[in-house]
1. Please go through segment 133-147 and pick out each residue that is among the hydrophobic types (A, V, I, L, M, F, W, C) and either over 26 Å from GLY34 (Cβ atoms) or in a helix (DSSP H, G or I) (or both).
2. Within segment 114-132, take every residue that is outside any loop (DSSP other than H, G, I, E, B) and exposed (fewer than 13 other Cβ atoms within 10 Å of the Cβ) and give me the one that is modelled with the highest pLDDT.
3. Is there a residue in segment 42-60 that is more than 14 Å from ILE76 (Cα to Cα), small (Gly, Ala, Ser) and touching a residue at least 12 places away in the same chain (Cβ under 8 Å)?
4. Going by what's in this entry, would LEU22 be described as closer than 19 Å to LYS167 by Cα and either modelled with pLDDT under 90 or in contact with a strand residue (DSSP E or B) (Cβ under 6 Å, 6 or more places away or on another chain) (or both)?
5. Within segment 1-31, restricting attention to residues that are part of a helix (DSSP H, G or I) and of a type in the set (D, E, K, R), which residue is farthest from PHE60 (Cα to Cα)?
6. Looking at segment 73-114 only, could you name the residues that are under 17 Å from LEU41 (Cα atoms) and of a type in the set (Lys, Arg)?
7. If you check ALA53, ALA91, ALA48, which single one turns out to be closer than 21 Å to LEU125 by Cβ and aliphatic (A, V, I, L, M)?
Amino acid sequence: MSKLLKTAVKCAFLGFAAGLFLKLFAVDILTVSGKSMLPTLRDGQTIAVSKLAYGPVKPFGDSVFFNWNKPKVNDIITYLHDGNLVVKRCAAVSGNTLEFSLNSGYNLIVGSKKYPLSENQYHLLCRTDRVPEGTVLALGDNPAQSVDSRAYGFVPEKNVIGRVIIK
């Protein structure tokens, strides 16, 4: 094998290894599937996700090794739910107050924002007046099309594996 070919093979291998490392641990490029985040994110839109925003992600896992940062209200986050990668907005974090209203239907009030609930969603969430420690409330921007924390409850912070950085 010629010296030039050996160098090219080494460069290709190092490039592949660096790309794999970046994909597993640093940045992921994803395509949005669905309408749950309209109008912020569109179906088919390409986004970049920082996998280092909240802590080092376990390769091929659904959580971080440890958290060095926590999601903030309004961050657009990614996490695994039922084996699917989900993109939602962090509507509330640990300790935030939750209020519920029955005026004009079932509603969840977080700060100054009001989110519609179905009767089942209301009964799932109404037992708590604060976001439990170590969790976040993750909601889609398009409530009519979103399956989110209103349907399956709070998301553990350790399962938040990224933050959308480019949309």
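The values are calculated or read from the model by the stated rules, or taken from the named source; none is laboratory data. Everything numeric in this text was worked out from a predicted model, so none of it was measured. Every residue, glycine among them, receives a Cβ derived from its backbone with ideal geometry; neighbour counts consider all protein chains shown.
1. First, the residues of segment 133-147 that are among the hydrophobic types (A, V, I, L, M, F, W, C): 136-139, 144, 147.
Hit for segment 133-147 is ALA144, nothing else.
2. To start, the set of residues in segment 114-132 that are outside any loop (DSSP other than H, G, I, E, B) comprises 114-117, 119-125, 130.
Pick out the ones that are also exposed (fewer than 13 other Cβ atoms within 10 Å of the Cβ) and you get 119-120, 123, 130.
Numbers: GLU119: 92, ASN120: 92, HIS123: 91, ARG130: 96.
My answer is ARG130.
3. Yes, segment 42-60 contains at least one residue that is more than 14 Å from ILE76 (Cα to Cα), small (Gly, Ala, Ser) and touching a residue at least 12 places away in the same chain (Cβ under 8 Å).
4. The answer is yes for LEU22.
5. Here is the first cut: in segment 1-31, the ones part of a helix (DSSP H, G or I) are 3-25.
Of the ones still in play, those that are also of a type in the set (D, E, K, R) are 3, 6, 10, 23.
Values: LYS3: 36, LYS6: 31, LYS10: 26, LYS23: 11 Å.
Among residues in segment 1-31 that are part of a helix (DSSP H, G or I) and of a type in the set (D, E, K, R), the one farthest from PHE60 (Cα to Cα) is LYS3.
6. Within segment 73-114, LYS88, ARG89 meet the criteria.
7. Answer to the selection: ALA91.
Quick grid of which residues meet (1) among the hydroxyl-bearing types (Ser, Thr, Tyr); (2) at positive phi:
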| site | (1), (2) |
| --- | --- |
| PHE65 | no, no |
| THR78 | yes, no |
| ASP82 | no, yes |
| ASN107 | no, no |
| VAL136 | no, no |
